[in-house]
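J.: Structure incoming, see below.
The values are calculated or read from the model by the stated rules, or taken from the named source; none is laboratory data. This is a predicted model, so every value here is computed, not measured. Using ideal geometry, Cβ is built from the backbone for each residue, glycine included, and neighbour counts are taken over all protein chains shown. In case anyone asks, the SASA skips ligands and DNA or RNA and just uses the protein heavy atoms, side chains included. Shrake-Rupley method; radii C 1.70, N 1.55, O 1.52, S 1.80 Å.
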Amino acid sequence: MIKKLILLGCIILAESTTLLAQIVKVHTIGDSTMADYVENTTRTRGWGEMLQEFFSNKVQVINYARGGRSSRSFCEEGLWDKVKKNMTQGDYVFIQFAHNDEKEGGKDGADFRGTAPWTTYKSFLEKYVDETRQLGGIPVFITPIVRRYFGDTGKITPKGCHDIGTVEDDSTLNYVRVMKHVARQKNVSLVDMTSLTKNFAEQLGADATIRQIYVPTDGTHTQATGAACYAKIVASELKRQGILASYINTEIPMVVNPTSLDFGTVYVGNEATLCLDLIGLNLSPENGTLSLHAPKRMSFSFDPQSIPQQKVDIPYNDGKLWNQTLYLHFIPIEPVTINSALILTNENQVREIPVKAIGKEISRRTEVVLTHTEILLKGMKKKDDAYTIDSDIWSADIDENGNRYMEFILRNNDKTLVLTQLSFTLKGNPCFRIAFARGKDFYPRTDIAERKKGDSFSDKLVFPVNVTINPKERLHIRIFPWNPVGGTMDFQIVDWEIRGIEVE
């Protein structure tokens, strides 16, 4: 009997230890203000990609947020189905939508993005709550961050707070009020990021927010520091409400994004570069220097064209370091496997960022040029040798539309193919974002480049690419165009060309 009790006690202890070791998953769903970005292609960062820094390693943040998605299109495109497949009992789902729901002025849009607030928007919020709970998950609403729309009095305007109505105190077109209404009806925890970021932005003021927090070109998306500050606000409010409180630390001295770097395989003689964001929030001492040491065989630069260095020093003041971006370079000169770390130090802090890379010798290489004349279209059409959208009328978008893009697919056969450069000639004035992904569902994806200013020109655009396609793999490349002013627009994309190396 005693042996049985001891055995039972051991089983209970083992099960308890296993439960304590389990990771709590947080699934974040939303739009571009929450999404992940490839650091070396844009200044934009989403607060969702910074959130992991404020949790212990017992929490895993999985960010499903995508640019251009509304509460409706996120579901219609099948992104919500992916979240549900990965959800298990006890997971959390953080839900932030509204920026793209507003695109049709409070009406349901034909492209699945615009939603009427008190009907379609409300119903999708309810759907996310109900289906999360059916799977044993815990939903948490997060109202959308404010747009940087300052009025004459130095306050964020109602439109900046996602009330697109014209009558004061009328809730008809107030998306934040709808989310709060559903939260009360469904008894859902809510983080009022609209109010919190409104207060934060107004305290900083219009000038400081454009230098430190928001991307200057649009006033909606955040830079690295803004994303880090807003992620900290989310974490602080979660802790105040007792949501995952024991896993949260908001007093971290610095935010590093990404938290690890992996070059993958780079062939001898080729160069690969990864980007790193550093944001000092609470550095000690208040005035000092942050030193960074690159791993052996690697080097840093402050921009892609400057001279790389093994060690760099960055001065800071008042415990803050704003929007500092660094580039880590790897040019293997011989076969090598690196499993190391870059070191960040100042007088009182030390942090290591894991770095992995494989340098591989090419026994035989063949330069190749791939051209593509047939472009697959979704939500677009060809018109008189130019491209436009199906309706011939472009809405004034601030981001990509997941239901409208041009795509071509590279199918690899027998040899490994290393892509090094993408180029095409653009005639017209669209803004665009270019990305690639290996899966047909286009996730996970890597952004290659973007342009947010629609100047009319006719130039050949050249973008460096470093991606390896193994035999039998496929690579999907998409360009998401949009018109920053709306109206009609036709444009041409010609002379698609991809350069690469066949290796053996």
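J.: Could you list all residues from the stretch 456-504 that are open to solvent by 50 Å² or more (accessible area, probe 1.4 Å), in a strand (DSSP E or B) and touching a Leu at 6+ places or on another chain (Cβ under 9 Å)?
T.: Listed by number, the residues that qualify are 458, 459, 460, 462, 464, 466, 474, 492, 499, 502.
J.: Within the stretch 413-449, count every residue that is at pLDDT 80 or above, out of contact with any Gly (no Cβ under 9 Å at 6 or more places or on another chain) and small (Gly, Ala, Ser).
T.: 4
J.: Loosely packed, with under 12 Cβ neighbours inside 10 Å and either at pLDDT below 90 or under 30 Å from residue 424 (Cβ atoms) (or both): is that true of residue 363 in this structure?
T.: Here the answer is yes, as residue 363 does meet what is asked.
J.: Next up: Quick one: is residue 165 open to solvent by less than 50 Å² (accessible area, probe 1.4 Å), touching a Pro at 6+ places or on another chain (Cβ under 9 Å), touching a residue at least 40 places away in the same chain (Cβ under 8 Å) and more than 17 Å from residue 95 (Cα to Cα)?
T.: Judged against the criteria, residue 165 is a match.
J.: Looking at the stretch 426-439 only, could you name the residues that are open to solvent by 10 Å² or more (accessible area, probe 1.4 Å), in a loop (DSSP other than H, G, I, E, B) and closer than 22 Å to residue 381 by Cβ?
T.: Scanning the stretch 426-439 gives a single hit, 429.
J.: Next question. Here are some conditions: (1) surrounded by fewer than 19 Cβ atoms within 10 Å (Cβ to Cβ); (2) over 27 Å from the mean Cα position of the chain (by Cα); (3) over 30 Å from residue 25 (Cβ atoms). Residue 349 meets all but one. Which one does it not meet?
T.: Failing condition for residue 349: (3).
J.: Let me ask something else. Looking only at the stretch 199-216, which residues are surrounded by fewer than 17 Cβ atoms within 10 Å (Cβ to Cβ) and of a type in the set (Phe, Trp, Tyr)?
T.: Residues satisfying the conditions do not exist here.
J.: Count, please, the residues in the stretch 80-102 that happen to be assigned to a helix (DSSP H, G or I) and open to solvent by 50 Å² or more (accessible area, probe 1.4 Å).
T.: 5
J.: Just give me the residues in the stretch 181-211 being of a type in the set (Val, Ile, Thr) and part of a loop (DSSP other than H, G, I, E, B), in sequence order.
T.: Listed by number, the list holds a single entry, 188.
J.: Further, regarding this structure: Take the stretch 163-180 and flag every residue that is in a loop (DSSP other than H, G, I, E, B) and out of contact with any strand residue (DSSP E or B) (no Cβ under 7 Å at 6 or more places or on another chain).
T.: The answer is 164, 166, 167, 168, 169, 170, 171, 172.
J.: Residues that are of a type in the set (Asp, Glu) and open to solvent by less than 10 Å² (accessible area, probe 1.4 Å): does the stretch 377-398 have at least one?
T.: Yes, the stretch 377-398 contains at least one residue that is of a type in the set (Asp, Glu) and open to solvent by less than 10 Å² (accessible area, probe 1.4 Å).
J.: Given (1) in contact (Cβ under 8 Å) with a residue 24 or more places away in the chain; (2) surrounded by fewer than 13 Cβ atoms within 10 Å (Cβ to Cβ), identify the lone condition not met by residue 444.
T.: Result: residue 444 fails condition (1) only.
J.: Check the stretch 410-425 and report whether any residue there is more than 19 Å from residue 368 (Cα to Cα), in contact with a Ser or Thr (Cβ under 9 Å, 6 or more places away or on another chain) and either open to solvent by less than 30 Å² (accessible area, probe 1.4 Å) or hydroxyl-bearing (Ser, Thr, Tyr) (or both).
T.: yes
J.: Something else: State all residues of the stretch 113-136 that are buried (at least 22 other Cβ atoms within 10 Å of the Cβ), more than 19 Å from residue 172 (Cβ to Cβ) and either at pLDDT 95 or above or not basic (Lys, Arg) (or both); if no residue qualifies, say none.
T.: Listed by number, the residues that qualify are 128, 129, 132.
J.: Mind counting the residues in the stretch 283-300 that are open to solvent by 20 Å² or more (accessible area, probe 1.4 Å) and touching a Pro at 6+ places or on another chain (Cβ under 6 Å)?
T.: Count: 2.
J.: Exactly one condition in (1) within 30 Å of residue 83 (Cα to Cα); (2) among the charged types (D, E, K, R); (3) without any contact (Cβ under 8 Å) to a residue 40 or more places away in the chain is false for residue 459; which is it?
T.: Against the list (1) within 30 Å of residue 83 (Cα to Cα); (2) among the charged types (D, E, K, R); (3) without any contact (Cβ under 8 Å) to a residue 40 or more places away in the chain, residue 459 comes up short only on (1).
J.: Continuing with this model, one more query. Restricting attention to the stretch 12-41, and to residues there that are among the hydrophobic types (A, V, I, L, M, F, W, C) and at pLDDT 90 or above, which single residue is nearest to residue 258 (Cα to Cα)?
T.: In this case the residue turns out to be 35.
J.: Of the residues in the stretch 260-273, how many are open to solvent by 30 Å² or more (accessible area, probe 1.4 Å) and at pLDDT 90 or above?
T.: 2
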